[in-house]
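Everything on this sheet refers to the single structure shown next.
The values are calculated or read from the model by the stated rules, or taken from the named source; none is laboratory data. It should be emphasised that the depicted structure is a prediction, and the values quoted were computed from it without experimental measurement. All Cβ positions, even for glycine, are placed from backbone atoms using ideal geometry, and neighbour counts span all protein chains on display.
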Amino acid sequence: MGQSKSALAIHGGAGTILRSAMTPELEAEYRGGLSAALHAGWDILDKGGSSLDAVEAAVISLEDCPLFNAGRGSVFTHEGKNEMDAAIMDGSSINAGAVACVRNVKNPVKLARLVMERTEHVSLAGDGADQFAEEIGVELADNAYFYTEFRWKQLEEAIEAGKVQLDHSAYNSETQPSTTASSSKPFGTVGAVACDTSGRLAAATSTGGMTNKRYGRVGDTAIIGAGTYAGEVCAVSCTGHGEYFMRNLTAYDVSARMKYKGMNLEDAARETVEHLTKIGGEGGLIAVDTQGNLVLPFNSEGMYRGWIGEDGTSKIRIYHESES
């Protein structure tokens, strides 16, 4: 068996992303944020590093970028707090770590990896996860670090409209004041998948959840098999309306179609997203197999995404465009 081909894909969320609402300056910022994350992960793979290290590095970069709904750019809950979810999974060992509803953790994906490596558990949530973060010494940040004026306006608008708001969904004209930035700034969950030269797979996902969420709502990101999965045949990271991904174990569904139906990655991912569409779910996913093949399907208006394959050339896309 020959050496596997390194490959990395990232996403910054899927949803109502319209060309008409995107200024050249804003688009350049998005592309820059995606490119920085892509190269943070690729630098590790290119030097023979592990897929696990690569996906963590890529997601950390996206968490540090205020453009995306994860880490620093996380949306606000109904109470005006930032509650974040993250997960990471090592396909070669089937080990995984996840955290949900954590606060003041600068990089939730780092904490998820520490749950995987330093505890006997897979998932920690809420106050317990925050306590673990303090005890293990992961980097924390105060509330001001996570505050962005745009996110706060999003919360105010969602409360006024009386609804929980997907961070990347467009408000309709009846609830969307023309003076705000929401229509021009759709954001989303972030994630990465990778295959290294040893054929090891890994996936990581991180999110701030939904604007105006209540009652400690947890989405698909932190649920292994729903929004994040890496196993022996593929690694998957999802983005979109989490409730649908949870009900259908969408991330694992790609792997199951490959293992039990004998499908290739492209067909399995396409069929999975088609099923998501049938049940009314919006979003997309990124996936990679042990040969370094990459797919990035979605059923929404757009998905912030980027990838580097065997030729080492990085590609960034936002709308429905050619993947070549």
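For this structure, a couple of remarks:
- Taking the listed residues SER35, SER92, SER50, the one that is within 16 Å of THR228 (Cβ to Cβ), surrounded by fewer than 24 Cβ atoms within 10 Å (Cβ to Cβ) and either touching a strand residue (DSSP E or B) at 6+ places or on another chain (Cβ under 7 Å) or at pLDDT 95 or above (or both) is SER92, with no other qualifying.
- Boolean, ALA57 is among the aliphatic types (A, V, I, L, M) and touching a residue at least 24 places away in the same chain (Cβ under 8 Å): no
- Selection status of GLY209, in contact with a helix residue (DSSP H, G or I) (Cβ under 7 Å, 6 or more places away or on another chain) and in a loop (DSSP other than H, G, I, E, B): no
- Looking across segment 174-201, the residues that are assigned to a loop (DSSP other than H, G, I, E, B) and modelled with pLDDT of 95 or more come down to ASP196, THR197, SER198, GLY199, ARG200.
- Within segment 274-317, considering residues that are within 16 Å of ALA7 (Cα to Cα) and of a type in the set (Gly, Ala, Ser), the one surrounded by the fewest Cβ atoms within 10 Å (Cβ to Cβ): GLY312
- Residues that are closer than 24 Å to GLU310 by Cβ, touching a residue at least 40 places away in the same chain (Cβ under 8 Å) and not small (Gly, Ala, Ser) within segment 12-50 comprise ARG31, LEU34, LEU38, HIS39, TRP42, LEU45, ASP46, listed in sequence order.
- Within segment 268-301, the set of residues being in contact with a Gly (Cβ under 7 Å, 6 or more places away or on another chain) and small (Gly, Ala, Ser) comprises GLY281, GLY283, GLY284, GLY292, SER300.
- Some residue of segment 112-123 being more than 17 Å from VAL138 (Cα to Cα), of a type in the set (S, T, N, Q) and either surrounded by 24 or more Cβ atoms within 10 Å (Cβ to Cβ) or touching a residue at least 60 places away in the same chain (Cβ under 8 Å) (or both): no
- Counting the residues of segment 144-153 that are surrounded by fewer than 16 Cβ atoms within 10 Å (Cβ to Cβ) and either acidic (Asp, Glu) or closer than 18 Å to VAL99 by Cβ (or both) gives 2.
Conditions tested, residue by residue: (1) touching a Lys or Arg at 6+ places or on another chain (Cβ under 9 Å); (2) modelled with pLDDT of 75 or more; (3) among the aliphatic types (A, V, I, L, M).
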| position | (1), (2), (3) |
| --- | --- |
| VAL109 | no, yes, yes |
| GLU134 | no, yes, no |
| LYS153 | no, yes, no |
| ALA203 | no, yes, yes |
| GLY209 | yes, yes, no |
| ALA222 | no, yes, yes |
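- Candidates ALA40, ALA70, ALA57 - the one that is more than 23 Å from GLY240 (Cβ to Cβ) and under 14 Å from the mean Cα position of the chain (by Cα): ALA57
- Just one of the listed residues (LYS278, LYS315, LYS261) is closer than 11 Å to LEU8 by Cα and free of Cβ contacts under 8 Å to residues at least 24 places away in the same chain, namely LYS315.
- Top-ranked residue in segment 91-134 [being more than 20 Å from LEU201 (Cα to Cα) and assigned to a loop (DSSP other than H, G, I, E, B); ranked as nearest to the chain's Cα centre (by Cα)]: ASN107
- In segment 62-73, the residues that are buried (at least 24 other Cβ atoms within 10 Å of the Cβ) and either in contact with a helix residue (DSSP H, G or I) (Cβ under 6 Å, 6 or more places away or on another chain) or without any contact (Cβ under 8 Å) to a residue 60 or more places away in the chain (or both): LEU62, GLU63, PHE68, ALA70, GLY71
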